[in-house]
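Q: Mind looking over this structure? Questions follow.
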Amino acid sequence: MSKHYLAARCMLALAVAGCAGAQHQENSNVTTAVAASAANPLLQPWTGPYGGVPGFAGVRVEHFEPGLEAAMAQARQEIEAIAASSEPATFENTIAAFEASGRTLRRALAVFGVWESTLNGPEFQVVERTMAPKLAAFDDEIAQNERLFRRVAAVYEAADESRWDPEQQRLTWYRYTQLVRAGAQARPADKARIAEINQRLASLYTAFSQNVLSDEETYTVVLHTPAELEGLPDSVRAGAAAAAAEGKLPGKWLITNTRSSVEPFLTFSARRDLREKVWKNFVNRGDNGDAHDNNAIITEVLQLRAERARLLGYPTHAHWRLQDSMAKTPEATLQLMEAVWKPAAARVHEEVADMQALADKEREANGAGKAIVIAPWDYRYYAEKVRKAKYDLDENEIKPYLQLDQLREALFWVAGELFGFEFSPATGLPVYHPDVAVWEVKDKASGKHIGLWYFDPYARQGKRSGAWMSDYRNQERFRGEVSAIVSNNSNFVKPGPGEPTLLSWDDAITMFHEFGHALHGLSSNVTYPSLSGTSVPPDYVEFPSQLLERWLSTPEVLTRFALHYQTGRPIPGELVAKIERASRFNQGFATVEYLSTALVDMKLHLAGATRIDPDTFERQTLLELHMPEQLVMRHRTPQLSHVFAGDQYSAGYYSYLWADTLTADAYEAFTEGSGPYDHAVAARLSKYVFQAGNTVDPATAYRAFRGKDPGIAALMRKRGFPVPAGAR
Ligand SMILES: [Zn+2]
């Protein structure tokens, strides 16, 4: 559901310059800044095959500061040339020229984003702290350039629908509204304050994420004796041993404080005392009252966001954020969340009752012993046991069939069936780490080059936890064809030499999810880079990715690619049937841990100028929601990086549920047809959703695909909750 971020680079503000990267070099007479730093690899055009590939070769941390400064200087001159023009403003000399500006900066930021998310160390963090406010200031400089805005507004107001194609109209609207949203029409004194706020926020976001990373690396649990491994499957033991060896603790076992390490431990460890310890470390990230505590940062972020929203003419930050989303208003999101909350919380009580009964029975079988009342660190452990008892389904029974390499082939196969893509290894390209590999994507029928897919699968020091997709370069054909370059990133524990990486079912789902984002970027078929691929509202961007998750469990995928790592035999049909029967199991837990986070996020940003103590607010909000006490938010506030490491998902964590409403409804288009591989439905999906980027309003695009608006009924069916009377 939500184990990832989108587009690392897009977490840098750059709202105005857009989030597109491109290698295409403009015919610009602005060369001074670049010439001055000719040796800096960040400033070079991307060269090599496929219209150029990301210039990772030779990049060192010391290149970032001067490189980004020079790239900003170049972009500044390009913008100035537009703003200072004495010609009457036209689409070509204003909107198109704006779109063509800042390309060197976008390329440099693509590389900066890779270091930020996957090669982050003490030396880089210094650069990050310096550059974050400067990049924010640069965005404001553009948004607040009055001469530029007057020209953009003149083109927007004179919009000539008879001469422009729909994409030109959309781009003009987009550029204009982005500037207005960033404060182009604010009073001069307010503009200065907005810029000040944005720079301070950028510093706070950086500090927030560096604090979380620090707590993930510091608050680890070392296991010293085999007795402390009780219940852990071999794969978890091996991972913990490898982590200990890497941490210079040979012969011990290390449980690091990241989700990929903590969740399997909580699911299998029979040691309740250790589960409690590991769980507490994890839920207290950013909340330890030490130098890396995030509470004061959150209070300040919320105050600054509320103030900025007021200066921009909105009642709250939530209203400002939601204005250009698919949902449009906070009320629409609350209505959806509340409709799902009650049945989900009711389901949690049923799940807990099942677990408690099982715990009590175990106690009797062991000749009494201490009674256990299910606590949050017990949930995953007993849920796994209930699943075994109810569905005869054991997570460890599935894992040997889920090999990373095979699942990667499964992704390629599905992309071939649905979108006609073909993947082949692209060797010899520069990569930023030896673990990274690259594939070329072609159109199966025509052999036409589509793009490149980079894959960085393994966890390592300095890499952010979770999984995500990044756009290195957006597809466009604005001034010549430019193909998409995207990457998928995850944190699987790297196996020993010659050993396969075996995934859990959840990990496999996440892989499909992130690949859905990648396909969204690769499928893009638009003219302008700002409207390309995944550059859509956050509550729509999770729709293609969540939809793709559904193909993992199709028999076509499982029989071909879920092969036992020792025997090579496909997963037995009986086991597939069990997985299917258990698919709605534990949906109370999954929905409530997610929704509590989304509701707290939205309420924090609806609270306006109130000074907020995050701990108190979180406790109070959960109390009012009647949060079941046997679980916690998926991301507690002090570690809610989606919301506090940047603006992108602030008042936007609801997006996953919003998009899942579309997902559930969209998948029924396939089941109403001939099934998941119905070519006609897939063709409509590709045309109206995956190819369209942001060239069409999302609600219109969805209707064009589905022939109707989405309702909540399919979502409730998917999660196994009762469908409310009258719901579509
Ligand atoms: Zn996603």
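Q: Collect the residues in the range 573-589 that are at pLDDT 95 or above and either among the small types (G, A, S) or more than 22 Å from M633 (Cβ to Cβ) (or both), keeping them in residue-number order.
A: Residue satisfying the conditions is G588 alone.
Q: Quick check on this structure: which one of A192, A84, A158, A186 is open to solvent by less than 50 Å² (accessible area, probe 1.4 Å) and not acidic (D, E)? Steps first, answer last, please.
A: Details: A192 fails: open to solvent by less than 50 Å² (accessible area, probe 1.4 Å); A84 fails: open to solvent by less than 50 Å² (accessible area, probe 1.4 Å); A158 fails: open to solvent by less than 50 Å² (accessible area, probe 1.4 Å).
From the options A192, A84, A158, A186, the qualifying one is A186.
Q: Taking the stated definitions as given, is F644 over 18 Å from the mean Cα position of the chain (by Cα) and away from the ligand (no atom under 16 Å from the Cβ)? Give the derivation first.
A: Details: over 18 Å from the mean Cα position of the chain (by Cα): no; away from the ligand (no atom under 16 Å from the Cβ): yes.
When the stated conditions are applied, F644 does not pass them.
Q: Would you confirm, using the coordinates I've provided, whether D165 is closer than 30 Å to Q303 by Cβ and either crowded, with 16+ Cβ neighbours inside 10 Å or of a type in the set (D, E, K, R) (or both)? Show your work before the answer.
A: Values: closer than 30 Å to Q303 by Cβ: no; either crowded, with 16+ Cβ neighbours inside 10 Å or of a type in the set (D, E, K, R) (or both): yes.
No: the conditions fail for D165.
Q: Taking the options R636, R719, R684, name whichever one is among the basic types (K, R) and closer than 28 Å to N198 by Cα. Give the steps one after another, and end with the answer.
A: Details: R719 fails: closer than 28 Å to N198 by Cα; R684 fails: closer than 28 Å to N198 by Cα.
Of the residues listed, the single one that is among the basic types (K, R) and closer than 28 Å to N198 by Cα is R636.
Q: Answer yes if at least one residue in the range 122-136 is buried (at least 20 other Cβ atoms within 10 Å of the Cβ), in contact (Cβ under 8 Å) with a residue 60 or more places away in the chain and in contact with a His (Cβ under 8 Å, 6 or more places away or on another chain), and no otherwise.
A: no
Q: Of everything in the range 223-255, what is more than 19 Å from T501 (Cβ to Cβ) and under 30 Å from the mean Cα position of the chain (by Cα)? Give them in sequence order.
A: Taking the range 223-255 as the starting set, the residues that turn out to be more than 19 Å from T501 (Cβ to Cβ) are 223-231, 247-252.
Answer for the range 223-255, where residues must be more than 19 Å from T501 (Cβ to Cβ) and under 30 Å from the mean Cα position of the chain (by Cα): just G247.
Q: Restricting the range 162-216 to residues that are assigned to a helix (DSSP H, G or I) and free of Cβ contacts under 8 Å to residues at least 24 places away in the same chain, which is nearest to F644 (Cα to Cα)?
A: Start the filter on the range 162-216 by keeping residues that are assigned to a helix (DSSP H, G or I), which leaves 166-181, 188-216.
Applying the additional criterion that residues be free of Cβ contacts under 8 Å to residues at least 24 places away in the same chain yields 169, 173, 180, 188-189, 192, 196.
Details: Q169: 34, W173: 29, V180: 23, P188: 28, A189: 27, A192: 23, E196: 18 Å.
Ranking the qualifying residues of the range 162-216, first place goes to E196.
Q: Being more than 23 Å from Q639 (Cβ to Cβ), of a type in the set (D, E), away from the ligand (no atom under 16 Å from the Cβ) and touching a His at 6+ places or on another chain (Cβ under 8 Å) narrows it down to one residue among E440, E422; which is it? Spell out the reasoning first.
A: Working: E422 fails: touching a His at 6+ places or on another chain (Cβ under 8 Å).
Sole residue among the options that is more than 23 Å from Q639 (Cβ to Cβ), of a type in the set (D, E), away from the ligand (no atom under 16 Å from the Cβ) and touching a His at 6+ places or on another chain (Cβ under 8 Å): E440.
Q: Could you grab me the full set of residues in the range 436-465 that are open to solvent by less than 30 Å² (accessible area, probe 1.4 Å) and in a loop (DSSP other than H, G, I, E, B)?
A: Of everything in the range 436-465, those that are open to solvent by less than 30 Å² (accessible area, probe 1.4 Å) and in a loop (DSSP other than H, G, I, E, B) turn out to be V436, G462, K463, S465.
Q: Does S596 count as in contact (Cβ under 8 Å) with a residue 60 or more places away in the chain and either open to solvent by 40 Å² or more (accessible area, probe 1.4 Å) or more than 16 Å from the ligand (Cβ to nearest atom) (or both)?
A: Working: in contact (Cβ under 8 Å) with a residue 60 or more places away in the chain: no; either open to solvent by 40 Å² or more (accessible area, probe 1.4 Å) or more than 16 Å from the ligand (Cβ to nearest atom) (or both): yes.
So S596 does not fit the description; no.
Q: In addition: Within the range 533-588, can you find the residues that are β-branched (V, I, T) and away from the ligand (no atom under 16 Å from the Cβ)?
A: Looking only at the range 533-588, we keep the residues that are β-branched (V, I, T), and these are 534, 536, 541, 554, 557, 559, 567, 571, 576, 579.
Once the filter is applied, which keeps residues that are β-branched (V, I, T) and away from the ligand (no atom under 16 Å from the Cβ), the range 533-588 yields T554, V557, T559, T567, I571, V576, I579.
Q: Determine whether A607 is open to solvent by less than 10 Å² (accessible area, probe 1.4 Å), among the aliphatic types (A, V, I, L, M) and closer than 20 Å to L322 by Cα.
A: Values: open to solvent by less than 10 Å² (accessible area, probe 1.4 Å): no; among the aliphatic types (A, V, I, L, M): yes; closer than 20 Å to L322 by Cα: yes.
Spelling it out, it is not the case that A607 is open to solvent by less than 10 Å² (accessible area, probe 1.4 Å), among the aliphatic types (A, V, I, L, M) and closer than 20 Å to L322 by Cα.
Q: If you don't mind, there's one more thing I want to ask. How about the range 586-621: which of its residues are of a type in the set (V, I, T) and either within 21 Å of V386 (Cβ to Cβ) or in a loop (DSSP other than H, G, I, E, B) (or both)?
A: To start, the set of residues in the range 586-621 that are of a type in the set (V, I, T) comprises 591-592, 597, 600, 610, 612, 616, 621.
Within the range 586-621, T591, V592, T610, I612 meet the criteria.
Q: Something else: Please identify the pairs in which a residue from the range 459-481 that is within 18 Å of S532 (Cα to Cα) and more than 16 Å from the ligand (Cβ to nearest atom) has its Cβ atom under 7 Å from the Cβ atom of a residue that is open to solvent by 10 Å² or more (accessible area, probe 1.4 Å) and among the aromatic types (F, W, Y), counting only partners at least 6 apart or on another chain.
A: E476/Y528; F478/Y528
Q: Let me ask something else. So G516 passes all but one of these: (1) in contact (Cβ under 8 Å) with a residue 40 or more places away in the chain; (2) touching a helix residue (DSSP H, G or I) at 6+ places or on another chain (Cβ under 6 Å). Which condition number does it fail?
A: (1)
Q: Of (1) open to solvent by 10 Å² or more (accessible area, probe 1.4 Å); (2) among the acidic types (D, E); (3) within 16 Å of the ligand (Cβ to nearest atom), D660 satisfies all except one. Which?
A: Going through the list (1) open to solvent by 10 Å² or more (accessible area, probe 1.4 Å); (2) among the acidic types (D, E); (3) within 16 Å of the ligand (Cβ to nearest atom), D660 breaks only (1).
Q: Could you say which residue among R611, R684 is closer than 21 Å to F419 by Cβ and of a type in the set (K, R)? Quick ask: steps written out before the conclusion?
A: Details: R611 fails: closer than 21 Å to F419 by Cβ.
Testing whether each residue is closer than 21 Å to F419 by Cβ and of a type in the set (K, R) leaves just R684.
Q: Within the range 125-158, track down each residue that is farther than 20 Å from R60 by Cβ and among the polar types (S, T, N, Q).
A: Looking only at the range 125-158, we keep the residues that are farther than 20 Å from R60 by Cβ, and these are 133, 136-158.
Answer for the range 125-158, where residues must be farther than 20 Å from R60 by Cβ and among the polar types (S, T, N, Q): Q144, N145.
Q: Also, quick follow-up: Give, as residue ranges, the helices (runs of 4 or more DSSP H) completely inside the range 289-403 that count at least 3 residues that are within 30 Å of L503 (Cβ to Cβ) and among the aromatic types (F, W, Y).
A: Working: elements: 295-311, 317-322, 330-365, 379-391, 395-398.
Because the criterion is at least 3 residues that are within 30 Å of L503 (Cβ to Cβ) and among the aromatic types (F, W, Y), the helices (runs of 4 or more DSSP H) in the range 289-403 that meet it are 379-391.
Q: A further question follows. Starting from residues that are among the charged types (D, E, K, R) and under 29 Å from D601 (Cα atoms), keep the ones in the range 328-374 and report whichever is most open to solvent (accessible area, probe 1.4 Å). Spell out the reasoning first.
A: The first filter runs over the range 328-374 and keeps only residues among the charged types (D, E, K, R), leaving 328, 331, 338, 342, 347, 350-351, 354, 360-364, 370.
From the residues that got through so far, the ones that are under 29 Å from D601 (Cα atoms) too are 328, 331, 338, 342, 347, 350-351.
On the way: K328: 106, E331: 101, E338: 94, K342: 156, R347: 56, E350: 103, E351: 19 Å².
Among those that are among the charged types (D, E, K, R) and under 29 Å from D601 (Cα atoms), it is K342.
Q: Would you pick out the residues in the range 654-677 that are under 17 Å from A699 (Cβ atoms) and over 25 Å from the mean Cα position of the chain (by Cα)?
A: The one that is under 17 Å from A699 (Cβ atoms) and over 25 Å from the mean Cα position of the chain (by Cα): A669.
Q: Going by what's in this entry, would G652 be described as within 16 Å of the ligand (Cβ to nearest atom), in contact (Cβ under 8 Å) with a residue 24 or more places away in the chain and not hydrophobic (A, V, I, L, M, F, W, C)? It would help to see each step written out before you state the result.
A: Values: within 16 Å of the ligand (Cβ to nearest atom): yes; in contact (Cβ under 8 Å) with a residue 24 or more places away in the chain: yes; not hydrophobic (A, V, I, L, M, F, W, C): yes.
It is true that G652 is within 16 Å of the ligand (Cβ to nearest atom), in contact (Cβ under 8 Å) with a residue 24 or more places away in the chain and not hydrophobic (A, V, I, L, M, F, W, C).
The values are calculated or read from the model by the stated rules, or taken from the named source; none is laboratory data. What you see is a predicted model; the values in this text were computed from it and never measured. Positions of Cβ are generated from backbone atoms using ideal geometry, with glycine treated the same way; all protein chains shown enter the neighbour counts. With ligands, DNA and RNA removed, areas are computed over all heavy atoms of the protein, side chains included. Shrake-Rupley method; radii C 1.70, N 1.55, O 1.52, S 1.80 Å.
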